[in-house]
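Colleague: Got a structure here, written out as structure tokens. Questions coming.
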Amino acid sequence: MRPTGGSVATFVAGVTPVKRRRDAETLTALLQEISGREPELWGTIVGFGGCHYRYPTGTEGDMPLLAFAPRKTASTIYLESTTAHADDLARLGPHSTGVGCLYIKDLEEVDLDVLRDILTASLRWAEDGGSEQAVITVTG
């Protein structure tokens, strides 16, 4: 995956429904503040910074350091793992999870301070090089 260009502002302005657009605007500001990086489009994902990952199996690729995607049913926030944040997720508010995805239907219903802690820890994990399961090299 690579940045695809395009205007993040134009992309976010076109997000529907309105609640998801509002959440995308909030997430863009929050992830930019946490990462200190400008948002870039990676297809339909809004990413901040970049890194190269490599698994012991030989699988490797590129991805944003922090990212989210405004989908119709929920905002998808990409994390290195949801199990690594179990305690914080228990305090977050209404959400669901996948292996490395956090799904939030309404950002106004969650604790943004807890979300900030989760995102900060996820960024720190990547900037510190990942783990034995995934070696991360920051590229942007």
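Quick note: the coordinates plus some simple rules give every number you see, no bench work behind them. Keep in mind that what you see is a predicted model, and the values were worked out from it rather than measured. Cβ: placed from backbone, ideal geometry, glycine included. Neighbour counts: every protein chain shown.
Colleague: I'd like the distance separating the alpha-carbon centroids of the stretch 51-65 and the stretch 73-140, in whole Å.
Modeller: 18
Colleague: If I stretch the segment between M1 and E38 completely, what's the gain in nm (0.36 nm per residue apart, minus their alpha carbon distance), one decimal?
Modeller: Stretched out fully, the M1 to E38 stretch lengthens by 11.6 nm.
Colleague: Another question, then. Relative contact order for the stretch 75-140: what is it in percent, counting Cα pairs under 8 Å that are at least 6 residues apart?
Modeller: With pairs under 8 Å counted, the relative contact order is 29 percent.
Colleague: With a/c under 1.5 counting as rounded, go ahead and sort the chain into rounded, prolate or oblate using the C-alpha gyration tensor (a ≥ b ≥ c being the square roots of the eigenvalues; past the cut-off, prolate if a/b is larger than b/c, else oblate).
Modeller: Cα axes put the chain in the oblate bin.
Colleague: Over the stretch 32-72, with a single point scatterer placed on each C-alpha, what log10 of the ratio I(q)/I(0) does the Debye formula yield at q = 0.21, 0.31 1/Å?
Modeller: At q = 0.21, 0.31 Å⁻¹ the computed log10 ratios are -0.69, -1.01.
Colleague: To the nearest 500 deg cm²/dmol, what mean residue ellipticity at 222 nm is calculated for the chain from DSSP H runs of n ≥ 4 alone, each contributing -39,500 (n - 2.57), summed and divided by the residues?
Modeller: After summing the helix terms and dividing by residue count, I get -10500 deg cm²/dmol.
Colleague: Can you tell me which of T59, T76, T26 moves the most in a GNM of the chain? Springs connect C-alpha atoms under 10 Å apart.
Modeller: T59
Colleague: Ok, one more. With each pseudo-label sitting 7 Å past Cα toward Cβ, what's the T137-R22 distance in nm, one decimal?
Modeller: If labels sit at T137 and R22, their model points lie 4.4 nm apart.
Colleague: A further question on this structure: Testing the spin-label approximation: label points 7 Å from Cα along Cα→Cβ at D62 and R124. State their distance in nm.
Modeller: A separation of 2.8 nm, rounded to one decimal place.
Colleague: Here's a follow-up. Just subtract the alpha-carbon distance of K72 and D113 from 0.36 nm times their residue separation and send over the number in nm, one decimal.
Modeller: Contour length minus the Cα-Cα distance gives 12.3 nm.
Colleague: Take the Cβ-Cβ distance between A29 and Y55 as r, set R0 to 30 Å, and report the resulting FRET efficiency rounded to the nearest 0.05.
Modeller: 0.40
Colleague: Determine the relative contact order of the chain: mean sequence separation of Cα pairs under 8 Å and six or more apart, normalised by residue count, in whole percent.
Modeller: 24
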